[in-house]
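Participant: Below is the structure I would like to discuss, written out as structure tokens.
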Amino acid sequence: MSPRLSFSLFWFFYFAGLGIHFPYFSLYLHENAGLSGTEAGIVLSTWALVGMIAQPLWGQLADRTGHRSVILALLTLVSAVGFCAPALVQGFAALTLVTAILAIFGTSVLPVSFSISFAAFRDDGPHAFGLARVWGTVSFLILVVGFPRILHYYQAAAGLTAAPGGPSEPGLGIMFPLTALCVLSAGVVGFFLPRTGAVAWRAQQGEWRHLTRHAPMWRLVIFTLLAYRFIQGPMALFPLYVRSLGGTIDTVGNLWIVMLLLEVPLVLLTGTGVRRIGARGLLGVALLAGGVRWTICGMTTDPRLVYPVQILHGVTVAGLMLGAPLYLDAVIPERLRSTGQTLHTMISVGIGGIVSTTGAGWLIDHFGPSAPYLVGGIGAFTLGALAWVILPPPTRLELPVATASLDGDR
């Protein structure tokens, strides 16, 4: 199986699972599990909190052994089992616990997959990564739109109907086994990902310490930490905001069509974007777009304004979710790719996500559904305007050649 095909299939199946889980999990927690906004925010934050501990450990293991693809496949397979767990428990404490266990494995899947893909496509031109990664966005779109229809069919077949005072979608728990099935498929494909060449480069003991003194990396970490502080919480709790406007689960699914319209072509053209404005340009534009989007959501409840502006989601995701890993890959040593990606995710996505998601839930409980969007929008726009000041041009940290280690050299 060619590298492009194997990565395309891996991201297709993995993001298909995320297309079911990510957009609707907060709605399940709030309506089906009966959690408050603050409790839902804490459960969602647990994912990032546990990831802060687990991610660098998996990243270092991948870099030291050189078996990055095998480790990624195993992480994905175990995650598939974990995605079933929320359907088996009830209550705030139990949902927090199973989310924490899932996070031990699931939070490292994306940063490790990025590190492997950058190594595999290092000599294939600027468009190779985007041509494979775009299939993740395509499958996310298919499932985020298709899942409400699957849910309605399942509820009709099972005789489940909404009761007064109960959840609007009583069968929403079907999301968990469906997510697990998609992620399980990705895990199987993971064993067919490339295992030789730059993918198998091994870091030496203690080399990771060089990353602690590399200023460009830490500027990126600070920038993305603040970015996720303003972006993540509003996005995670977006279904609750849509419900506050009178929308349904079908509205959430239909809005994702708008949100992904630009993401598909922008991911496909990632190489062109990096070549023209650079990775830090992608990050700056991403935060400016996210700032405009959330500020409008925070200042109005008129669906005629709120719904069209969701098209900016694609700009934010393509710029932030891809710009940050690409910038990081340009500044860290190649044989520390997995450690660098997981370390960056641990701090920026971890701390930023925890503060943002918990804070967004608290703001909803105390100031209403629009509050997180106004705070996040103003902050994101300000940060985006400062991107070219905070982030220097990427400069790779070079390690002594004598310590390099390749599987093929042994």
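Participant: Expressed as a rounded percentage, what relative contact order does the chain have, with Cα pairs under 8 Å and six or more residues apart?
Facilitator: It comes to 30 percent, rounded to a whole number.
Participant: Tell me the label-point distance for the pair I101, S2, using the 7 Å Cα-to-Cβ offset, in nm and rounded to one decimal.
Facilitator: 4.2
Participant: Moving to a separate point now. Roughly speaking, what is the centre-to-centre gap between the range 315-374 and the range 41-74 when only Cα atoms are used, to the nearest Å?
Facilitator: 15
Participant: Now, a different point. By per-residue mean of other Cβ atoms within 10 Å, what is the highest-first order of 52-62, 29-39?
Facilitator: 52-62, 29-39
Participant: As an exercise, take the mean of 1/r over every pair of distinct alpha carbons in the range 294-392, invert it, and state the Kirkwood radius in angstroms.
Facilitator: 15.5
Participant: With a sphere of radius 15 Å drawn around the Cβ of L172, what net charge do the other residues whose Cβ falls strictly inside it have (Lys, Arg +1; Asp, Glu -1)?
Facilitator: -1
Participant: Can you sort D124, D365 from fewest to most other Cβ atoms within 10 Å of each residue's own Cβ?
Facilitator: D124, D365
Participant: Short version: ³J(HN,Hα) in whole Hz for each residue of the range 319-333, in order, from phi by Karplus 6.51 cos²θ - 1.76 cosθ + 1.60 (θ = phi - 60°), x for Gly and Pro, what are they?
Facilitator: x, 7, 5, 9, x, 5, x, 5, 4, 4, 5, 7, 10, 9, x
Participant: Which option, [x] -0.24, -0.44, -0.70, -1.34; [y] -0.34, -0.53, -0.74, -1.28; [z] -0.22, -0.39, -0.63, -1.28, is the value of log10 I(q)/I(0) by the Debye sum over Cα atoms at q = 0.06, 0.08, 0.10, 0.14 Å⁻¹ that was calculated from these coordinates?
Facilitator: After the calculation, the listed value that fits is [z].
Participant: Would you work out the Kirkwood radius for the range 250-332? I mean one over the mean of 1/r across all pairs of different Cα atoms, in Å.
Facilitator: 13.2
Participant: Along the charge dipole of the range 1-146, pointing to its positive end and built from +1/-1 on Cβ of Lys, Arg, Asp and Glu, which listed residue (L27, L95, W47) has its Cα farthest out?
Facilitator: The listed residue farthest towards the positive side: W47.
Participant: Arrange the following residues from fewest to most other Cβ atoms within 10 Å of their Cβ: M299, M346.
Facilitator: M299, M346
Participant: Return one quarter of the surface area of the convex hull spanned by the alpha-carbon atoms of the range 97-191, equal to its mean projected area, in nm².
Facilitator: Taking a quarter of the hull surface, the average projection is 8.5 nm².
Participant: Considering the range 157-253, what Rg and Dmax in Å follow from its alpha-carbon atoms?
Facilitator: Expressed in Å, the Cα Rg and Dmax of the range 157-253 come to 22.1, 61.
Participant: Mind pulling the angle between the C-alpha long axis of helix 68-82 and the longest principal axis of the chain? Nearest 10 degrees, somewhere in 0 to 90.
Facilitator: 20
Participant: Given +1 on the Cβ of Lys and Arg, -1 on the Cβ of Asp and Glu, and no further charges, what dipole in debye does the chain carry about its Cα centre, rounded to the nearest 20?
Facilitator: Here the chain has a charge dipole of around 800 debye.
Every read-out reported here was derived from the displayed coordinates using simple, explicitly stated rules and does not represent laboratory data. All figures in this text were calculated on a predicted structure; none of them were measured in a lab. Note that each Cβ is placed from the backbone with ideal geometry, even for glycine, and that neighbours are counted across all protein chains shown.
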